[in-house]
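The values are calculated or read from the model by the stated rules, or taken from the named source; none is laboratory data. The structure presented is a predicted model; accordingly, all values stated were derived computationally and were not measured. Note that each Cβ is placed from the backbone with ideal geometry, even for glycine, and that neighbours are counted across all protein chains shown.
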Amino acid sequence: MIRLLLVDDQTIFRQDLAKLLSLEGDLEVTGQASNGQEALALVPTLQPDVILMDVRMPVCNGVEATREICQRYRWIRVLVLTMFDDDEYIHQALRAGALGYLLKDTPAMQIAIAVRSVYLGYAQLGPSIAPKIFAQLKTNELLSEEKVKYLLSKRELDVLSLIGQGKNNQEIAQTLYLTEGTVRNYVTRILSQLGVRDRVQAALWAKQHLLD
């Protein structure tokens, strides 16, 4: 069971989200807070696994709270869930230690998937957020594999490299000793994290940035 703390100053949104996430069998909303200060007070008692954190809140904003929580409780994962997609908010939150950044219009099912992902230690960025991060990471219009590791796991990088080599899901599954279903899941997440529309764009990206 993944224990959640929801931090948002919009009470109705927070309560509705709690109801939706509580429908997931492996997720448990153990507490709610209306600002970062309240969250900091609740963390020692609730010991959540994942915190869904808004960024703009009164008293103590989400960036400040994230920084404090990540310094004190390194095992807790913070997933930002906000309506603001400003570049500065995104970079501040990620630098503070947040492992993911989603917008509030993300469907509840996708939020649940993101929660599970960050719980396992994987970065999770919304489709409109990932391109902003990659733009910031660009150096001479190229992204190195080392920089991509911050967004993709080692296995996802392996899959992406094979996509760049033109291999289909069956061939990738055979090469990496995975099921085709697992490969499809990896491909879906890779497309989302790279901010590309389809497999062809992912292959072109891999050829440009990962393959010699």
Does Val200 qualify as being surrounded by 18 or more Cβ atoms within 10 Å (Cβ to Cβ) and not assigned by TED's automatic domain parsing to the domain that holds Gly121? no
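If you check Tyr89 against the conditions, is it outside the structural domain of Val196 (by TED's automatic domain parsing), touching a helix residue (DSSP H, G or I) at 6+ places or on another chain (Cβ under 6 Å) and not in a loop (DSSP other than H, G, I, E, B)? Reasoning before the result, please.
On the way: outside the structural domain of Val196 (by TED's automatic domain parsing): yes; touching a helix residue (DSSP H, G or I) at 6+ places or on another chain (Cβ under 6 Å): no; not in a loop (DSSP other than H, G, I, E, B): yes.
When the stated conditions are applied, Tyr89 does not pass them.
So is Arg95 free of Cβ contacts under 8 Å to residues at least 12 places away in the same chain, outside the structural domain of Gln193 (by TED's automatic domain parsing), under 15 Å from the mean Cα position of the chain (by Cα) and surrounded by fewer than 18 Cβ atoms within 10 Å (Cβ to Cβ) or not?
Criteria met by Arg95.
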All positions within segment 173-205 that are more than 23 Å from Gly100 (Cα to Cα) and hydrophobic (A, V, I, L, M, F, W, C): Ala173, Leu176, Leu178, Val200, Ala203, Leu204
Unique residue being modelled with pLDDT of 75 or more and touching a helix residue (DSSP H, G or I) at 6+ places or on another chain (Cβ under 6 Å) when the list is Ala123, Ala203: Ala203
Considering only segment 69-79, I want to know if a residue exists there that is touching a residue at least 24 places away in the same chain (Cβ under 8 Å) and closer than 18 Å to Ser128 by Cβ. yes
I'm trying to understand the selection: among the residues of segment 118-128, which are buried (at least 20 other Cβ atoms within 10 Å of the Cβ) and over 16 Å from Gly97 (Cβ atoms)? Gly126
Filter segment 19-35 down to residues that are within 20 Å of the chain's Cα centre (by Cα) and assigned to a helix (DSSP H, G or I), then give me how many there are. 2
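Is one or more of the residues making up segment 9-18 in a strand (DSSP E or B), surrounded by fewer than 16 Cβ atoms within 10 Å (Cβ to Cβ) and charged (D, E, K, R)?
Start the filter on segment 9-18 by keeping residues that are in a strand (DSSP E or B), which leaves none.
Looking for residues that are in a strand (DSSP E or B), surrounded by fewer than 16 Cβ atoms within 10 Å (Cβ to Cβ) and charged (D, E, K, R), one finds none in segment 9-18, hence no.
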Only one of (1) in contact (Cβ under 8 Å) with a residue 40 or more places away in the chain; (2) closer than 20 Å to Leu151 by Cβ; (3) outside any loop (DSSP other than H, G, I, E, B) does not apply to Gln110, and that is (1)
